[in-house]
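Below: one structure, written as structure tokens.
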Amino acid sequence: MTQDDIKTLDTQPDLNRRKFLGTTALVSLSGVGLSVGLSACNKKESAPTAGAGAPTTSAEATGSSKYEVPPGKLDEYYSFSSGGHSGEVRIYGLPSGRELKRIPVFNMDALVGWGVTNESKAILGTKPNGTPKYTTGDTHHVHQTYADGTYDGKYMFVNDKIHSRLARVRMDTMECDKIIELPNIQGFHGTFPDKRDPVDPNINHTTRVFCGSEFSIPLPNDGRDMEDGSKYKSLFTCVDSNTMDVRWQVLIDGNCDLVASSYDGKLAATNQYNTEMGIHYEDTMSAEMDACLFFNVARIEEAVKAGKVSTIGSSKVPVVDGRRASNQDPKTALTCYVPIPKNPHGVNISPDGKYYACAGKLSPTASVIEHALVLKWFDGELAKPRDAVVAEPEIGLGPLHTGYDNKGNAYTTLFLDSQIVKWNVEAAIKAFKGDKNAKVVLDRIDVHYQPGHGFTSMGETKEADGHFFLSDNKFSKDRFLPVGPLHAETAQLIDISGDKMKLVADHSVYSEPHDSIIVRRDIIKTRQVYNLDEFPLAVKDPKDSGVFRNGKKVTVKLISQAPAFSLREFKLKKGDEVTIILTNHDKVEDLTHGFAIPKYDIQFIVNPLETKSVTFTVDKPGVYWCYCTNFCHALHLEMRSRMIVEA
Ligand code: RUQ
Ligand code: CUA
Ligand code: CA
């Protein structure tokens, strides 16, 4: 394929001519880099595509008041979004796009003191010297716990791809309460809570979190088998959502990527783009078909119970064998590999629980897999896994993630075409059966530019409401004021309630949001204040404040109450290991104080009736003004205490 051929990729209207992006095409594509990918962005409208309705002209925001949230009014939805490189989770209001909060998870954060206080360090994990074990994170997938097929407002889970950690965030305080590191994997990417137990009908809520790992590694990864990629392996991991213990892992062929869970609790799914087990990226696209891999949760747990497990390295986690060769008999198989073209990306279950859409990425198709047919294969009643594919519509170039409305329509991001395509699932099934009149693709809309993730309001629950689609685009180019070589990204809000999609807002977002969920506001019930009794260290009475010495270990107990700390000063000696415990006695929502110590790198906040502590060694004699960092009162600047360190 020549450079010119590649250039025509974006304007070539005949889908069939670009059915698959071959390895050569992609290798050269990466060579010319973004100029090819982005050339789609240069046109205001895209060329009509065969089999599709007329493309929608990029509907620039009309400023219709319907989508405006006037001053003093609240948004209809929360959007919970991963922060990518920052390692945090972000919360936006929709439709306004107001950024409401950043929850530090895998990152340190001076505003709240995450990674600074003893309590947060205990969650983050520390090195022997007491500093956080890792200071970087890479969050991608945010999902909340379910009850009865919809969000229950209890917890949210988010992955850390770089260090393979799973974090849990409490929804009442919107703070991280637990982080674990998954054993024997790298590139932990897809994350999805289950929706009910596969066996026990009384458990209709989340009790597990499924985790997919993208990179295969030698197992154990201790210096053996490093040159031979065919010996590398991947594991699919199940975590207990309550205890956050790793329950089990499944050894698989190929890799995992994104993850979905079924509404009946019976299956978990992951798309696989590297069934080739390639180490170099050309190798990862050498095969025309990869797979969507299904896990039979009940059978895996029976096998674990029956002790049909092994362990890897020093990990005690039971590992069952889900490799293809060991799972040929459907009646006993733990896994089912459904062939899907080519380097698929994204696996999303429809709100009625019937279908999974697995988009082709390097094939212009989305494969529709019927849940009931995968179960049938496990019962020995379906000839081969591929028969579970009931539709494979051609929808456009570079299809990635799919969201759903409440009318049987799917909305898929097209990375290369820079579009969102709306298609009807039942029509796609009819067309696959040969119905030439089935109208599959219903609408297309240009987005700006190169959408990665896309998701609909409540679309990952049975309460999908068909109101909004949010397109998280990887490039904003000319949409916002330039801020240097790295631009903001665009989150574009699209009204999907009518027949035609309508672009209603561009929101700029700080790089790099990956997946998000859009949650109705009535589901989220946050607390207003903490309770003194929640904290074992709480300084409950102002009279309990003071300096308590035990040799070189010193405890300083303080309370904050606007506009003063209970100690005007506290004296320490050089070399002391001091623990400062601060309890905020203000009881009013949002009346938060901060505590910062110059030159000692201490900064944190205490929310109403919250207690936090820090431990450090005082090695620099002198006077240090500990001041309140959070504006709390007309006398906020005056709110200080003096740390006096004697030589
Ligand atoms: S997936 S790398 Cu997490 Cu589409 Cu974004
Ligand atoms: Cu307390 Cu500012
Ligand atoms: Ca592949």
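Remarks
- Breaking point among (1) buried (at least 17 other Cβ atoms within 10 Å of the Cβ); (2) within 16 Å of ligand 2 (Cβ to nearest atom), for residue 542: (1)
- Hits in region 376-396 - residues which are within 17 Å of residue 428 (Cα to Cα) and either within 16 Å of ligand 2 (Cβ to nearest atom) or not basic (Lys, Arg) (or both): 387, 388, 389, 390, 391, 392, 393, 394, 395, 396
- Within region 418-476, if we keep just the residues that are under 18 Å from residue 366 (Cβ atoms) and among the aromatic types (Phe, Trp, Tyr), the residue that is farthest from the chain's Cα centre (by Cα) turns out to be 432.
- Conditions (1) among the small types (Gly, Ala, Ser); (2) within 9 Å of ligand 2 (Cβ to nearest atom); (3) without any contact (Cβ under 8 Å) to a residue 24 or more places away in the chain; number of the one not met by residue 594: (3)
- Set side by side, the residues 316, 308, 331 differ, and just one is more than 25 Å from residue 220 (Cα to Cα), more than 16 Å from ligand 3 (Cβ to nearest atom), exposed (fewer than 15 other Cβ atoms within 10 Å of the Cβ) and modelled with pLDDT of 95 or more, which is 331.
- Here residue 250 meets each of (1) in contact with a Gly (Cβ under 7 Å, 6 or more places away or on another chain); (2) β-branched (Val, Ile, Thr); (3) outside any strand (DSSP E or B); (4) under 26 Å from residue 353 (Cβ atoms) with one exception, condition (3).
- Among the residues of this structure, residue 515 does not count as one that is without any contact (Cβ under 8 Å) to a residue 12 or more places away in the chain, closer than 30 Å to residue 88 by Cβ and within 27 Å of the chain's Cα centre (by Cα).
- For the residues 410, 372, the requirement of being modelled with pLDDT of 95 or more, in a strand (DSSP E or B), closer than 27 Å to residue 141 by Cα and not acidic (Asp, Glu) singles out 410.
- Any hit, region 562-577, residues being at pLDDT 95 or above, under 23 Å from residue 532 (Cβ atoms), within 12 Å of ligand 2 (Cβ to nearest atom) and buried (at least 20 other Cβ atoms within 10 Å of the Cβ): yes
- Meets criteria (under 25 Å from residue 311 (Cβ atoms), crowded, with 20+ Cβ neighbours inside 10 Å, touching a residue at least 24 places away in the same chain (Cβ under 8 Å) and of a type in the set (S, T, N, Q)) for residue 234: yes
- Put simply, of 588, 645 the only residue that is more than 10 Å from ligand 2 (Cβ to nearest atom), assigned to a loop (DSSP other than H, G, I, E, B) and farther than 18 Å from residue 113 by Cα is 588.
- Some residue of region 272-285 being at pLDDT 95 or above, under 20 Å from residue 156 (Cβ atoms) and away from ligand 2 (no atom under 16 Å from the Cβ): no
- For region 197-207, a residue qualifies if it is touching a strand residue (DSSP E or B) at 6+ places or on another chain (Cβ under 8 Å) and either free of Cβ contacts under 8 Å to residues at least 60 places away in the same chain or crowded, with 24+ Cβ neighbours inside 10 Å (or both), and the qualifying residues are 204, 206, 207.
- Of all residues in region 122-139, those that are over 22 Å from the mean Cα position of the chain (by Cα) and in a helix (DSSP H, G or I) total 1.
- Meets criteria (touching a residue at least 12 places away in the same chain (Cβ under 8 Å), assigned to a loop (DSSP other than H, G, I, E, B) and within 20 Å of residue 160 (Cβ to Cβ)) for residue 211: no
- Within the set 560, 497, 508, the sole residue that is in contact with a Phe, Trp or Tyr (Cβ under 9 Å, 6 or more places away or on another chain), of a type in the set (Gly, Ala, Ser) and closer than 21 Å to residue 82 by Cβ turns out to be 508.
- Some residue of region 170-187 being within 18 Å of residue 258 (Cβ to Cβ), of a type outside the set (D, E, K, R) and not in a strand (DSSP E or B): yes
- Output for region 164-179, where each listed residue is surrounded by 19 or more Cβ atoms within 10 Å (Cβ to Cβ), in contact with a Gly (Cβ under 9 Å, 6 or more places away or on another chain) and more than 21 Å from residue 271 (Cα to Cα): 167, 171, 179
- Among the conditions (1) in a loop (DSSP other than H, G, I, E, B); (2) within 16 Å of ligand 3 (Cβ to nearest atom); (3) in contact (Cβ under 8 Å) with a residue 60 or more places away in the chain, residue 271 misses just one, which is (1).
- Residues of region 597-642 classified as within 15 Å of ligand 2 (Cβ to nearest atom) and either within 15 Å of residue 118 (Cα to Cα) or without any contact (Cβ under 8 Å) to a residue 12 or more places away in the chain (or both), total: 8
- If the condition is being near ligand 3 (Cβ under 8 Å from one of its atoms) and either in contact with a Phe, Trp or Tyr (Cβ under 9 Å, 6 or more places away or on another chain) or over 16 Å from residue 187 (Cα atoms) (or both), then region 275-288 contributes 275, 276, 284, 285, 286, 287.
- Condition check for residue 289: among the aliphatic types (A, V, I, L, M), modelled with pLDDT under 95, more than 16 Å from ligand 2 (Cβ to nearest atom) and closer than 27 Å to residue 402 by Cβ: no
The values are calculated or read from the model by the stated rules, or taken from the named source; none is laboratory data. If you're wondering where the values come from, they're calculated on a predicted model, not measured in any experiment. Please note: Cβ atoms are built from the backbone with ideal geometry, for glycine as well, and neighbour counts cover all protein chains shown.
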